[in-house]
Amino acid sequence: NHHWFVQMTAIRLAGSAYGDEATFPEALKPELTKLSKTASPEITGYVNSILKDGYINREVVNKKSTMPQAIEKDAVAKKLWLKGKKQYKAICSGCHQPDGKGLAFLAPQLAKSDWVTGKSVKLIAAVTDGVSGPIKINGKLVTGVPPIMPPHKHLSNEDIASILTYIRNAWGNKASAIKTEEVEAYRKANPSRSLPWTEEEINKL
């Protein structure tokens, strides 16, 4: 498959397939070298980085996150935040990192991002059905990461609400909790969505 996202996913999983998820397999480096000469712009930097330095360190380390007082005082929000903290570590931190600052060639920042602290439906849509194409964070065009956020519609409404409540109230972010009912309402309003949103589309929600 020549689609850049499929190629990138295969590259990222190559180590796991060979029994060492932290190291790109030596046996595949000749093929990666060939790919570097024909790779699309979306993954050229990632391919060349691996050829030069190996996999980027994606190790997840424990970082303390303090629950904001506004969340702690709300029993429902507190429960979501605590669950979201655990889920973020398991599902999201390998790319977006434990500190929410993102990782070159993989994922943009979540800390101090207007996508995270802004309109809740926009964030719900981005996580549930994904986002494709160039985006701006805090008014600045994002570069150096793939122009796609894969969909996570397989997660339950509560799972999504929990993760989003956590990231909206971590690393200095401060925003309202996202209720499970909000995620449910989004799904009911967009039952047939099959493609990731563009930034232009998602801003109209």
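If you bin all the Cα-Cα distances of the chain at 10 Å, starting from zero, the percentages per bin are 8, 33, 34, 20, 6, 0.
With protein chains left intact and a 1.4 Å probe, residues in region 63-205 average 53 Å² of accessible area per residue.
Working from Cα pairs under 8 Å separated by at least six residues, relative contact order for region 28-148 is 20 percent. Tilt of helix 180-189 relative to the longest C-alpha principal axis of the chain, in degrees (0 to 90, nearest 10)? Taking Cα atoms only, the helix is inclined about 70 degrees. Charging the Cβ of each Asp and Glu at -1 and of each Lys and Arg at +1, and nothing else, the dipole of the chain about its Cα centre rounds to 540 debye.
Of the heavy-atom accessible surface of the chain (probe 1.4 angstrom), what whole percent is carbon and sulfur? Roughly 56 percent, rounded to a whole number. Taking trypsin sites (Lys or Arg not before Pro) as exposed when DSSP calls them loop and at most 15 other C-beta atoms lie within 10 angstrom, the chain has its longest site-free stretch at 1-57.
The orientation-averaged shadow of the Cα convex hull for region 149-205, equal to a quarter of the hull surface, comes to 4.5 nm².
Relative to the longest principal axis of the Cα atoms of the chain, the long axis of helix 41-53 makes an angle of roughly 70 degrees. Around the amide H of residue 149, modelled in the peptide plane, lie the amide H atoms of 131, 132, all under 5 Å away and 5 or more residues distant in sequence or on another chain. Relative to the dominant Cα principal axis of the chain, helix 4-17 is inclined by about 80°.
The values are calculated or read from the model by the stated rules, or taken from the named source; none is laboratory data. Keep in mind that this is a model prediction, so the values were computed, not measured. Because the Cβ atoms are built from the backbone with ideal geometry, glycine has one as well, and the counts that use them run over all protein chains shown. Ligands, DNA and RNA are excluded from the accessible area calculation, which covers all protein heavy atoms including side chains. Shrake-Rupley method; radii C 1.70, N 1.55, O 1.52, S 1.80 Å.
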